[in-house]
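First the structure, in the form of structure tokens, and then the observations on it.
The values are calculated or read from the model by the stated rules, or taken from the named source; none is laboratory data. All values reported here derive from a predicted model rather than from experimental measurement. Note that we place each Cβ from the backbone using ideal geometry, even for glycine, and neighbour counts take in every protein chain shown. What goes into the accessible areas is simple: the full protein's heavy atoms, side chains included, and nothing from ligands, DNA or RNA. Shrake-Rupley method; radii C 1.70, N 1.55, O 1.52, S 1.80 Å.
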Amino acid sequence: MENIDILTTNAQLAGFAGELSEESAIAVDLEADSMHNYREKVCLIQISTLQRTVLIDPLAVSNLTPLRPVLEDMTIRKIFHAADYDLRCLKRDFNLSVRNLFDTMISAQLLGEERIGLADLLRKYFAVELDKKYQRADWSQRPLTAEMIRYAAEDTRHLHRLMELFETRLKNLGRLKWATEEFVLMEDVRFAENGGPLCLRFKGAATLPRRELGILEKLLQWREEEGERLNRPVYKVIGNSPLLELAQRKSQDKEALLGIEGLPPRLTERYGSALLTAVGEGLALPEEELPQFPRSPRKVKDPGLDERIKRLKQWRQQAASDYALDPGVLINNTALEAMAQVNPRSWAELERVAGLKSWQKEELGAGLLGALA
């Protein structure tokens, strides 16, 4: 393997961005540290041209704006595998957007590949073995080991070949237009702004009474503060399950800490006092300050709607088999339920169905209308 350049200065990055502006396609990947630090961040950016692979160290390079014209240039194709998370991180950490995307994972889904992971695809088509042992590595550590550098470079160096193969197959199947629409929609994904009480984003909290929600909120606030203090992901401070059980027990007695799965003696000794203090704060909250989980209006049973959804799913199962695609890739449940709600009888009414993509209307519209007729 050739030497891989690692860019650590603004001047180096600016020079490399100038080189990239002459390319017709570049392959891109990121490595982050979500499993190792409280505030997740991008720790490495890998870019491969047809000639070479370069790693950018954003922990050393303070100005990534020279990449903006390249990433937004519609004449340069940006090849990612599973771009969703990477695009969100680029926007969040550096305010960088990507245009003219080609996602090899989306392509694999639309081609009916059984396995869509990059390692599986490279093994299948190019007999390339990716060593995934560093997937969960701490990419914020410096210096990077030689093995980590090689691993990072392998994630992008084969994407040009994979794109060429998949683009040809998509054209031959008449599905390149499908993929192109999916890529454009993917370009605008962003992380949601998380506001409001933490407990309302906590799995399993929807059924809790308000007092228990208040206790859970205080416990979660304490865990966030502790995670930030230790610079550790909050799940490595203490798991979700013990906090939920403590909120449900609603007790400040030390006995309340006993027998909770996921709360071993070492954690009880270290955090027991803080946990019971948080429970007490939740118990002391005035009634009007307790968080409240938003309740959706109770759905009225509609046998006609249920029957239409059933018919649409039956039609989808057969259509997916005909296309040799996963049913959820062909059209997901949300779109089918929207179809059943609108119950379109014409092409004009089909346009009113939210969440239905243009390629799905063109390719599947007649079949969907027929299933509802």
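Some values worked out for this structure:
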{"read-out": "Potential extension, S251-T75 segment - 0.36 nm per residue separation minus Cα distance", "value": "57.1 nm"}
{"read-out": "Solvent-accessible area, 1.4 Å probe, carbon plus sulfur percent, for the chain", "value": "49"}
{"read-out": "Two-site FRET efficiency, T268 against T168, from Cβ-Cβ distance with R₀ of 45 Å, rounded to 0.05", "value": "0.15"}
{"read-out": "Residue-wise HN-Hα coupling along the range 315-322, computed from phi with Karplus coefficients 6.51, -1.76, 1.60 (Hz; x: Gly, Pro)", "value": "5, 4, 4, 5, 5, 4, 5, 5"}
{"read-out": "Accessible surface, the range 301-373, averaged per residue in Å² (probe 1.4 Å)", "value": "53"}
{"read-out": "Accessible heavy-atom area order of K361, K254, K310, highest first, probe of 1.4 Å", "value": "K254, K310, K361"}
{"read-out": "Cα-based shape type of the range 1-148, given that a ≥ b ≥ c are square roots of the gyration tensor eigenvalues and the cut on a/c is 1.5", "value": "rounded"}
{"read-out": "Orientation-averaged projected area, Cα convex hull of the range 1-60 (nm²)", "value": "4.9"}
{"read-out": "Listed residues L283, L364 arranged by accessible area, highest first, probe 1.4 Å", "value": "L283, L364"}
{"read-out": "Partner lysines for K301 [C-alpha distance under 25 Å; skip if fewer than 8 residues away on the same chain]", "value": "K310, K313"}
{"read-out": "Distant-in-sequence amide H partners of I79 (H built 1.01 Å from N, under 5 Å)", "value": "I26, A27, V28, F102"}
{"read-out": "In Å, descending, principal axis extents of the Cα set of the range 105-232", "value": "59, 41, 24"}
{"read-out": "Set of lysines near K91 by C-alpha distance (under 21 Å), chain-local residues within fewer than 8 positions excluded", "value": "K41, K78"}
{"read-out": "For the chain, share of DSSP beta bridges that run antiparallel, in % to the nearest 5", "value": "55"}
{"read-out": "Integer Hz, Karplus 6.51/-1.76/1.60 couplings in order for the range 145-158, x for Gly and Pro", "value": "6, 4, 5, 5, 5, 5, 4, 4, 5, 5, 5, 10, 5, 9"}
{"read-out": "Semi-axis lengths, Å, the range 84-156, gyration tensor of Cα atoms, sqrt of 5 times eigenvalues", "value": "23, 21, 9"}
{"read-out": "Compactness of the chain as Cα Rg over 2.2 N^0.38 Å, two decimals", "value": "1.21"}
{"read-out": "Cβ-derived FRET efficiency at R0 25 Å, N95 paired with T8, nearest 0.05", "value": "0.75"}
{"read-out": "Relative pair counts by distance (%), Cα atoms of the range 25-94, 10 Å bins", "value": "17, 57, 23, 3"}
{"read-out": "Euclidean distance between Cα centres, the range 50-94 to the range 263-327, Å", "value": "35"}
{"read-out": "Cleavage-rule hits, GluC sites (Glu not before Pro), the range 252-333, DSSP coil, Cβ neighbours within 10 Å at most 11", "value": "E261"}
{"read-out": "Inverse of mean 1/r across different Cα pairs in the range 209-309, Kirkwood, Å", "value": "15.3"}
{"read-out": "Of the trypsin sites (Lys or Arg not before Pro) in the range 172-253, those whose Cβ has at most 16 other Cβ within 10 Å and which sit in DSSP loop", "value": "R190, K203, K250"}
{"read-out": "Extent along principal axes [Cα atoms of the range 57-103; Å; largest to smallest]", "value": "28, 21, 15"}
{"read-out": "222 nm mean residue ellipticity, helices alone, for the chain (DSSP H n ≥ 4; -39,500 (n - 2.57); rounded to 500)", "value": "-15500 deg cm²/dmol"}
{"read-out": "Exposure rank, largest accessible area first [W347, W139, W222, W315; 1.4 Å]", "value": "W347, W315, W222, W139"}
{"read-out": "Three-way shape label, the range 235-373, alpha-carbon gyration tensor, a/c 1.5", "value": "prolate"}
{"read-out": "Potential extension, R210-R345 segment - 0.36 nm per residue separation minus Cα distance", "value": "44.1 nm"}
{"read-out": "Stretchable slack from S296 to A366, in nm (0.36 nm times residue separation minus alpha-carbon distance)", "value": "21.9 nm"}
